Amino acid sequence: MYATVFLIGLSLAGQPKEEAAPSKKYSLDLSKTTVELKPGSSGQLWLQIQAAPGFKISTEAPLKIALSSDNLKLHKTALGATDAKDQKATSPEFGVKFGAEQEGECKIDVDATFFVCDAKICERQKEKVTALVKVKP
């Protein structure tokens, strides 16, 4: 009987444990960006780098955001920490105006590099996202 219990214990000990997928330490939120406008009018790209609970976006490490668009005229194409609405925020927000001249489906490409920190360490993150904008009469 002891041999059977011992073998069952070894069998269970040898099973690989299922580990939960690590959750992201941040998210990029574009939800307040203008998604539809008329030709000749302007809109705004709104970006927030949201830190997950227990993390923060470093206000001391380099932060760089490159913006590009083929069809929209962006007021700025490069952002840094000093462009944040609140430069001390642990989840910084950025706003950039843009203009639309031609009808059609447009996009704004966002290429962000920043550092996410917990109580012990900061890690460099690089993420690309795209905001879609419809320009129609």
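Read-outs throughout are calculated quantities, based only on the coordinates presented, and are distinct from any laboratory measurement. These numbers come from a predicted model, not from an experiment. Ideal geometry is used to build each Cβ from the backbone, glycine not excepted, and the neighbour counts take in all protein chains shown.
Quick one: what are the phi-derived ³J(HN,Hα) couplings along segment 91-101, Karplus 6.51/-1.76/1.60 with θ = phi - 60°, whole Hz, x for glycine and proline?
9, x, 10, 9, x, 9, 6, 9, x, 10, 10
Once phi is turned into ³J(HN,Hα) by the Karplus curve 6.51 cos²θ - 1.76 cosθ + 1.60 with θ = phi - 60°, what whole-Hz value does each residue of segment 41-49 show in order, with x for glycine and proline?
9, 10, x, 9, 7, 10, 10, 10, 8
Please list, in chain and number order, the residues 5+ apart from GLN44 or on another chain whose amide H is under 5 Å from its amide H, with Hs placed from the backbone.
THR34, PHE98
Could you give the size of the charge dipole of segment 24-135 about its Cα centre, using +1 on the Cβ of each K and R and -1 on the Cβ of each D and E, expressed in debye and rounded to the nearest 20?
Details: 17 positive and 15 negative charges, 53 e Å.
Dipole magnitude for segment 24-135 comes out near 260 debye.
Work out from phi, with θ = phi - 60° and the Karplus expression 6.51 cos²θ - 1.76 cosθ + 1.60, the ³J(HN,Hα) of each residue of segment 120-127, listed in order in whole Hz, and give x for Gly and Pro.
Taking θ as phi minus 60°, the curve returns 10, 8, 10, 10, 6, 10, 9, 9 Hz for segment 120-127.
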